[in-house]
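A short worksheet on the structure shown next.
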Amino acid sequence: MTNAAIAIDTGDLPFGGGMLALVRPALDLLEPGGVLAVLTRQSHAIDELGTWCKVERHELLEATADQGGATRILLRKGSFGAPRGAIEDNLDLKPHGGRIEAADMLAAVPFAPSADPGTGFAPRGARVEPGGPVYPCTINDLAHAAPPDVAQLYDQAVSAQWNADTDIEWARIKPLPRPLQRALGQVFTFLAENELSALYVPSRFIARLHPHYVETAQFLATQMADEARHIDVFLKRARVGGGGVGISHATTSASLHSLLTLEDFTEAAFLLSVLGEGTFLDLLRYIEMHAPDEVTADIVRRARADETRHVHFGMSHVKHALSHDHTMYARLEAAVRKRSATLAGAGGVPYAVQDSLTILAAGGTDPAAVAKGHSAFRELMEVMHENRVKRLLNAGFSPAQAQTLSDLHTPNFM
Amino acid sequence: MADETILLGAVAYDAKVVPIWEGIREHFRGQHVPMDFCLFSNYERQVESLLAGHIDIAWNTPLAHVRVKRRTQGKSLSLGMRDSDRDFKARIVVRKDAGIKSLPDLHGKTLAVGSRDSTQARILPLHFLRAQGVDLSSVKLLPFDTDVGKHGDTGTSELDVLKALHEGRAQAGAVGDLIWVLEQAAGRVDTGKLQVLWTTPGFDHCMFDALPGANAAKLEAFKRGLFAMKWENPAHRRILELEGLKEWLPPREEGYASLTAALDEQGGW
Ligand SMILES: [Fe+2]
Ligand SMILES: [Fe+2]
């Protein structure tokens, strides 16, 4: 904005017939105290502009006759209601290779370290007229709101969307022996139930997130679209071939309830994405490895690609928060311990989940094969633990902390 | 012990009057000034209630203000006004196709005017036109006596005047400056059809009035609370916007001289 004078010629436009449409934008370019010269050939407009200035608290400094019957009016812009912030006038977003990514936008209009809840839904970079209501957002600082690669992750998510209706070769699924069919139905029932929590939990934080950090909300929207698709595709797979949906266990319900009731965004990202979805990556790899057909393998492979992105976002979020706030380590550890205490007595992996994963790996009910399936399941538990420890170490926890936190993780995987 | 609570009267000319005074009462509570309000349906009863001592302060239109002044032999106390109450004007707006180029051209034409108790759209425009030499007996008045008792606060009669002008039911009309400019700023005036013929001299609008014998501590507390309202404060701004001001200002009396003269001349007391 400028304090220098701006001059406009409103010709013979009446005050309410076009003059204001030139005067208001010109005043918007000025700082309070700046002077606007208006040239007009409308005699009444001078007086009307005077009243309008009084209402809007600008100051009509003088009106002098100019050459050719025109009047030159000088207005001093008032400070009442002037939008705050700098005018965005040197920003010209350029496509590269014909594209404009969200990451380009973020680079052009970077995040501030913190945001004012009084700016509401004003897009980042907008000048904000004062006096708007204070919004109920509680995630107002960069450290807890947005990791540095959030825009890239959003771009990736948008281009990686797929369709659970047309991208899956449903017609190629062949009938399976009944016990295997049932086991498959149970596995996908369990997956879908967990996916439901992954759909609901992020939704609770979007409304708390300051719109300044919209890229995080945009990423969470893609995550929710992913989870919606996973629920869709998993329940379809459970029912194609007649396996049907199976049992929902109380342990699963308790475990997911403890995610839904979290009130802190970073704790939720840690428990849901780093620990829960992280563990699910190993589960999905296991199902893919033991899938009875290529279509089923394709389904879980696609879901795992999406989950990898969710885990990546969760890791970025948590590491970003930890790097700015060292008390986070203790808080996250406390969150794991508290959840573990809530789930005390829940027992091990819910039996229907254990058994269906065993039968799936066995490929049927032949006792020799089931023995192998059982070993595969036990091995899965090991792999899940090892990979959780790796992720915790990567996040900056000590080896001892990583061991403890992984051991305290829910028997429900998520 | 006397009640310390300031009781203020206001006229409920619009549903927004309730949130305005609830908001102001809330603000006063924050300033530790106990205040409550009661709403009247018309200014006549509010004036009588003030004079009878039933309320401490009345938020009065100019017409109610000068009546209180007269009834107290000029001794009533003026406490404050809105910034927007000062230097009010009225406009004589004409249709461009009516061939009215000067005030004498109004003779033989139809002039739409607002309610009989509207200072800005009836009482003062007619007073000032007469002072300019317009013979009102040869002008056909098209009056819009809507919301009588509200002293023009609702602005309804002024919008009626503008509507009549747009529709050609009148060739000329009297409206307050504020309505005229705000309707234009909102893009609701066809400037291809209407234009200003003449603008009246300035006059002042609403005022907080109290009786000469009022409790001085209450009045001081009221002024302190009132002037502590700031546009920059979002909670205050919401109320100030609703009430149509940006700043409360101290009182002044000279802006009501023309209205007093008009009432004398029109027998409007
Ligand atoms: Fe998922
Ligand atoms: Fe996920």
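The values are calculated or read from the model by the stated rules, or taken from the named source; none is laboratory data. Nothing here was measured: the structure is a model prediction, and the numbers come from that model. With ideal geometry, Cβ positions are generated from the backbone for all residues, glycine too; neighbour counts draw on all protein chains shown.
Observations
- Of the strands (runs of 3 or more DSSP E) lying entirely inside the stretch B:32-121, those containing at least 1 residues that are touching a Phe, Trp or Tyr at 6+ places or on another chain (Cβ under 8 Å), without any contact (Cβ under 8 Å) to a residue 60 or more places away in the chain and not aliphatic (A, V, I, L, M) span B:35-40.
- Residue pairs whose Cβ atoms lie under 8 Å apart, sitting 6 or more positions apart in sequence or on different chains, and linking a residue in the stretch A:264-286 that is over 21 Å from A:Thr327 (Cβ atoms) and more than 14 Å from chain B (Cβ to nearest Cβ) to a partner that is more than 15 Å from ligand 1 (Cβ to nearest atom) and modelled with pLDDT under 95, are A:Gly276/A:Thr410; A:Thr279/A:His409.
- The single residue among B:Ala216, B:Ala228, B:Ala221 that is free of Cβ contacts under 8 Å to residues at least 12 places away in the same chain, more than 9 Å from chain A (Cβ to nearest Cβ) and more than 30 Å from B:Ile123 (Cβ to Cβ) turns out to be B:Ala216.
- Just so you know, in the stretch A:193-210 the residues that are in a helix (DSSP H, G or I) and buried (at least 19 other Cβ atoms within 10 Å of the Cβ) include one that is farthest from the chain's Cα centre (by Cα), and it is A:Glu193.
- Hits in the stretch B:219-242 (condition: modelled with pLDDT under 95, surrounded by 15 or more Cβ atoms within 10 Å (Cβ to Cβ) and more than 19 Å from A:Val55 (Cβ to Cβ)): B:Asn233, B:Ala235
- The lone exception for A:Glu263 - which of (1) out of contact with any helix residue (DSSP H, G or I) (no Cβ under 7 Å at 6 or more places or on another chain); (2) assigned to a helix (DSSP H, G or I); (3) modelled with pLDDT of 95 or more it fails: (2)
- Residue among A:Glu215, A:Glu227 that is of a type outside the set (A, V, I, L, M, F, W, C), within 16 Å of ligand 2 (Cβ to nearest atom) and in contact with a helix residue (DSSP H, G or I) (Cβ under 8 Å, 6 or more places away or on another chain): A:Glu227
The rows are residues; the columns are (1) touching a helix residue (DSSP H, G or I) at 6+ places or on another chain (Cβ under 7 Å); (2) outside the structural domain of A:Ala225 (by TED's automatic domain parsing).
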| site | (1), (2) |
| --- | --- |
| A:Gly69 | no, yes |
| A:Arg99 | no, yes |
| A:Pro110 | no, yes |
| A:Pro113 | yes, yes |
| A:Asn163 | no, no |
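- B:Trp198 part of a strand (DSSP E or B) and within 14 Å of chain A (Cβ to nearest Cβ): yes
- Some residue of the stretch A:269-284 being more than 12 Å from ligand 2 (Cβ to nearest atom), part of a helix (DSSP H, G or I) and over 30 Å from A:Gln181 (Cα atoms): yes
- Check on A:Val318, surrounded by 21 or more Cβ atoms within 10 Å (Cβ to Cβ), more than 20 Å from A:Val201 (Cα to Cα) and either touching a residue at least 40 places away in the same chain (Cβ under 8 Å) or within 16 Å of ligand 1 (Cβ to nearest atom) (or both): no
- Of the candidates B:Val189, B:Val181, B:Val161, B:Val175, the single residue that is buried (at least 23 other Cβ atoms within 10 Å of the Cβ), within 18 Å of A:Asp47 (Cβ to Cβ), among the β-branched types (Val, Ile, Thr) and more than 10 Å from chain A (Cβ to nearest Cβ) is B:Val175.
- Residue among A:Val353, A:Val349, A:Val336 that is in the same structural domain as A:Thr251 (by TED's automatic domain parsing), under 30 Å from A:Asp149 (Cα atoms) and more than 16 Å from ligand 1 (Cβ to nearest atom): A:Val336
- Among the residues making up the stretch A:6-52, those that are assigned to a loop (DSSP other than H, G, I, E, B), more than 10 Å from chain B (Cβ to nearest Cβ) and more than 44 Å from the chain's Cα centre (by Cα) are A:Thr10, A:Gly11, A:Asp12, A:Arg41.
- Looking across the stretch A:290-314, the residues that are in contact (Cβ under 8 Å) with a residue 24 or more places away in the chain, more than 13 Å from ligand 1 (Cβ to nearest atom) and assigned to a helix (DSSP H, G or I) come down to A:Glu294, A:Val295, A:Thr296, A:Asp298, A:His312.
- Residue within the stretch B:122-138 that is buried (at least 17 other Cβ atoms within 10 Å of the Cβ) and of a type in the set (Gly, Ala, Ser) present: no
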